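A.B. asks: Sending over a structure as structure tokens; questions will come in a sec.
Any read-out appearing in this document is the output of simple, stated calculations on the displayed coordinates, not a laboratory observation. These numbers come from a predicted model, not from an experiment. For neighbour counting, all protein chains shown are included, and Cβ atoms are generated from backbone atoms with ideal geometry for every residue, glycine included.
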Amino acid sequence: MRVLTDHWRKRHRQAGTVLLIAIFIVALLSAVVMGILEVSTLDIQIMQNQVYAAEARMTALAGLNDAVAQLRLDSEWDDGFSDKTFNGGTYSVTIKQGDIEAAGTSSQGFTCVVSAEYTAFFLSPPHEIRLGALRINED
């Protein structure tokens, strides 16, 4: 009878050890999965931020192109634009003494400022507009 009891205790201890190892492995795997999910979530957020920033940059460039089109028609034009809608976002443009500044805002609220020097040629429309020193997000 004592042999059976000792055998049962030995098997019981082994089962307890196996259970502890299994719990440790499950906890370890859970931590690894949580880490991978966290990294994936951050990667997705970074990608979305890059897309929204590119959208703001393209919106600002659309404002710059719109201003150039107006300057081709009237080289003295300096009214600019305010909150003009483009692709779900908006842009505003200011013209000052040979400088165009276009500020674009994406649909998600990201902003970008693009500015360029310009020179107008020809006395009658369409005027030739030459851009130089394109600056993006510079103060």
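A.B. asks: Given the range 2-136 reduced to its alpha-carbon atoms as identical point scatterers, what log10 I(q)/I(0) does the Debye formula return at q = 0.09, 0.13, 0.15, 0.17 Å⁻¹?
C.D. replies: One equal scatterer on each Cα of the range 2-136 leads to -0.48, -0.68, -0.79, -0.89.
A.B. asks: List the chymotrypsin sites (Phe, Trp or Tyr not before Pro) within the range 14-103 that fall in a DSSP loop (any state other than H, G, I, E or B) and whose Cβ has at most 15 other Cβ atoms within 10 Å. Mind dumping the intermediate values first?
C.D. replies: Details: sites: Phe24, Tyr52, Trp77, Phe81, Phe86, Tyr91; in loops: Trp77.
Of the chymotrypsin sites (Phe, Trp or Tyr not before Pro), the ones in loops of the range 14-103 whose Cβ has at most 15 other Cβ atoms within 10 Å are Trp77.
A.B. asks: Taking the beta-carbon count within 10 Å as an exposure proxy, list Glu138, Glu117 from fewest neighbours to most.
C.D. replies: Values: Glu138 9, Glu117 14.
Least to most surrounded, the residues fall as Glu138, Glu117.
A.B. asks: Here's something else I'd like to know. Mind checking which of Thr41, Thr94, Thr17 has the largest fluctuation in a GNM of the chain, springs on alpha carbons under 10 Å?
C.D. replies: Thr17
A.B. asks: Give me the percent relative contact order of the chain, please, defined on Cα pairs under 8 angstrom at least 6 residues apart. Walk me through the numbers before you get to the answer.
C.D. replies: Working: 192 pairs, mean separation 26.5, N = 139.
Here the relative contact order equals 19 percent.
A.B. asks: Mind checking the full-extension length gain between Val18 and Met34? Use 0.36 nm per residue of separation minus the Cα-Cα distance, one decimal, nm.
C.D. replies: Gain in length upon complete extension: 3.3 nm.
A.B. asks: Can you compute the modelled spin-label distance between Asp83 and Glu117, with each label point 7 Å from Cα toward Cβ, in nm?
C.D. replies: Rounded to a tenth, the inter-label distance reads 3.4 nm.
A.B. asks: To continue, here is another question. Name the residue, out of Val51, Val39, Val114, whose mean-square fluctuation peaks in a Gaussian network model built on the chain with Cα pairs under 10 Å.
C.D. replies: Val39
A.B. asks: With angles folded into 0 to 90 degrees, how steeply does helix 2-73 sit against the dominant principal axis of the chain? Use alpha carbons for both and round to 10.
C.D. replies: 0 degrees
A.B. asks: Another one. Grab the DSSP H runs of the chain that are 4 residues or longer, score each as -39,500 (n - 2.57), total them, divide by all residues and round the 222 nm result to the nearest 500 deg cm²/dmol. Intermediate results must be reported in sequence, preceding the final value.
C.D. replies: Working: 1 runs with 72 residues, N = 139.
So the helix-based figure for the chain works out to -19500 deg cm²/dmol.
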